[in-house]
Amino acid sequence: MFNKLRSEWLVHSGYSRDFGSVLRWMRWDIPLRIFPLIAVPLAIVGFSSISTEQIGLADVQDDAWWIVMVALLVPVFLVSLLFSMRYMVGYSFSKAALPLEILFYLILNPVAEEMFFRGLAQSQLAYLLGTEISIIAVAFIFGFHHWLAGFSFKFLCLATVGGFVFGVISAGSGSILPAVLLHSAADLGLFIIGPWYAYRINQRPSYSKSFIGRMH
């Protein structure tokens, strides 16, 4: 089953994004990855002494972290967009699949991954290893998680750096909400705007060749 799931992921990360392929991929990914990433933290809260606040389901402790989050939104989006344009050229854009992907990349995926990696894993490792080490350790685990999903080594590196940023703001604010919003901005650049922009460029043959050439 793991090989079949990874095969579906490889097809998706290998640039096939029509409505049918996205739906087939979500058929595997949502129940086998997204659902457990959300259910495990909630189950642990329900059956242990760990509170929802301890896994980041809480208000931001200091409003200054909202300022930090807002300041990081555009840089995170732009880095993700440039990465998409540089290393994910050919990642197809489908208007038919766009509603599904907006729901997934801007809501389901950020919430699920931040609940598990920053909310549960990072917060609990912090008790054992300290905040700094837990942020770094979970960032590397987060990056490796994306490699298992079929993404490239370069994407693994990007996800690791992103995981570090998300981890710092989650630990500092005491809430996963700022990290969720930053994660959504990253996914917006990587999987929505980046492919859309490449699609628009490819509609202009006289310009696209020179542009794509500069990206390589």
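Structure above, values below:
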| item | result |
| --- | --- |
| Any chance residue 112 is buried (at least 17 other Cβ atoms within 10 Å of the Cβ), farther than 16 Å from residue 190 by Cα and in contact with a Lys or Arg (Cβ under 9 Å, 6 or more places away or on another chain) | yes |
| Scope segment 40-63; condition farther than 16 Å from residue 167 by Cα and of a type in the set (Gly, Ala, Ser); matching residues | 43, 46, 48, 49, 51 |
| Some residue of segment 80-102 being assigned to a helix (DSSP H, G or I), in contact with a helix residue (DSSP H, G or I) (Cβ under 9 Å, 6 or more places away or on another chain), under 16 Å from residue 176 (Cα atoms) and among the aliphatic types (A, V, I, L, M) | no |
| Wholly within segment 137-216, helices (runs of 4 or more DSSP H) carrying at least 2 residues that are at pLDDT 95 or above and hydroxyl-bearing (Ser, Thr, Tyr) | 153-173 |
| Residue within segment 30-51 that is polar (S, T, N, Q), assigned to a helix (DSSP H, G or I) and at pLDDT 95 or above present | no |
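The values are calculated or read from the model by the stated rules, or taken from the named source; none is laboratory data. Just so you know, these numbers come straight off a predicted model, no measurement behind them. Cβ coordinates were reconstructed from backbone atoms using ideal geometry, including for glycine residues, and neighbour counts include every protein chain displayed.
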